[in-house]
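What follows is calculated from the coordinates using simple rules that are stated; it is not laboratory data. All figures in this text were calculated on a predicted structure; none of them were measured in a lab. FYI the Cβ positions are ideal-geometry reconstructions off the backbone, even for glycines, and counts take in every protein chain you see.
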């Protein structure tokens, strides 16, 4: 990439080290650049970037310094950008446009999908940028493709990181970097230049790479990292891990209650807290918290067989965890128990269970929340979070709409939604206060992944319909192993008459290519 530098610098100012602009220094983030320079004394920098129709100022440290390394992000692909550097000296003198350069960013990768923006009411949208991990459907070669992208309000890519592997959950750390999960049981921290800062890996995973152990590659005594990661206030991480438990006499069918029972290996999730050095400081075992005998549709699935654990049953399949700081309790989403469960961090005691009352037995049934008013329970849900109102917001995938041994609802008749429940832990009740997706003219069914996120500045909700599936004839199906995926990311208002303010589709089924997005996040800024 050619970088053109303007040699007509201000003649009254001298650099100790001339400014050097390096575009994509990590090789992974083509829409990021690094500007380095040194001055003879402390100065503050002002950096402006301009393209054809936009101009913005790069955030810089407040404190003056003689050594400077500034990250430039927010550029769009295939455009020429001009960079202008001005300096504020300690004396108060401003040296304007002391250095200038221009460069042209590369186009988006050839295999990057078309993004189709259908709605963008910028004035009503939550300010910020939409981050997500882009993956190929399993039938399209999912394992060797992974990109993290950030979009502006116009649906244009303004930051991109090619990870080279499938990406799951993505979150911003308190220090400003991103952390994401991989399918080979790693949590990887990167900066906004795409540099890998650190990785933690499940040392006991059956299917993982041969990762080195170093100061930036840290083993954790776990069998898995999957679906979610949480950074706590103390800097520790909470991940979803698993354990195996062999039983002699277990269900062999979720459609025939009289089918003979047989030995099985149950896979139970283990909420696991570890320090940044990899030391585990807490574990909470779902097989000890919930009823191991209770099965829902999916509890006998082969998910962990495909990950190397023979004859195993994917009994609980957690996909999210949050900590309620009000009472130091975890809230988890168990897809294969069709339940959101709150339990105490101190003693693992269940506080309440949000979900269908079907097939629960004592003593677990004592913790079920009683429905109040017009309420539809969620099924196979994802991404249960606590809202600013203290409610529970989640994505209701709505698979099956039943538990064994009742008849399943067909995929073609199913509809996914975002839904918010007001939970009264004292009265042990749940009330449905808002939903989106089940009351629209156009209805979408996402049989796997997906999420919903409260946007606090506007009171909107960002809903990621990230796992819609079709067969080769375009019919709605629910099997990600054979379906072509397509994606809808929508931002909606939260009132009774919820309406769209942002909508974007990723759909290349007509080209035989499938895509999915695990979850989408709206971050207030590109910089942390």
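Protection proxy ranking for 45-54, 26-35, using the average of other Cβ atoms within 10 Å per residue and placing the highest first: 26-35, 45-54. Residues 75, 428, 223, ranked from the fewest to the most other C-beta atoms within 10 Å, line up as 428, 223, 75. For residue 426 and residue 344, the difference between the fully extended length at 0.36 nm per residue and the C-alpha to C-alpha distance is 28.0 nm.
Placing a pseudo-label 7 Å from each Cα along the Cα-to-Cβ vector at residue 233 and residue 372 gives an inter-label distance of 2.8 nm. When both segment 260-276 and segment 316-369 are represented by their alpha-carbon centers, they are found 16 Å apart. Dividing the helix sum by the residues of the chain, where each DSSP H run of 4 or more adds -39500 (n - 2.57), gives a mean residue ellipticity at 222 nm of 0 deg cm²/dmol.
Between residue 291 and residue 94, residue separation times 0.36 nm minus the direct Cα-Cα distance comes to 64.1 nm. Segment 458-528 and segment 60-85 have Cα centres lying 32 Å from one another. Counting beta carbons within 10 Å around each of 192, 286 and listing the fewest first gives the order 192, 286. Under conditions of 25 °C and 0.890 mPa s, segment 143-295 yields 141 µm² s⁻¹ as its translational diffusion coefficient, taking Rh as the Kirkwood radius over Cα pairs in the Stokes-Einstein equation.
Scaling against 2.2 N^0.38 Å puts the C-alpha radius of gyration of segment 3-104 at 1.04. Projected label points at residue 79 and residue 40, each 7 Å from Cα along the beta carbon direction, are separated by 3.8 nanometres.
With contacts taken as Cα pairs under 8 Å at a separation of at least 6 residues, the chain carries a relative contact order of 12 percent. Per-residue extension of 0.36 nm, minus the Cα-Cα distance of residue 244 and residue 440, leaves a gain of 66.4 nm for this segment.
Based on the Stokes-Einstein relation at 25 °C and a viscosity of 0.890 mPa s, and on the Kirkwood radius from alpha carbon pairs, segment 399-477 is assigned a translational diffusion coefficient of 167 µm²/s. Can you work out the FRET efficiency for the pair residue 497 and residue 118, with r the C-beta to C-beta distance and R0 = 30 Å, to the nearest 0.05? It comes to 0.95. Taken along its principal axes, the alpha carbon cloud of segment 76-228 reaches lengths of 60, 45, 31 Å, longest axis first. At an R0 of 60 angstrom, the distance between the Cβ atoms of residue 50 and residue 305 translates into a FRET efficiency of 0.65.
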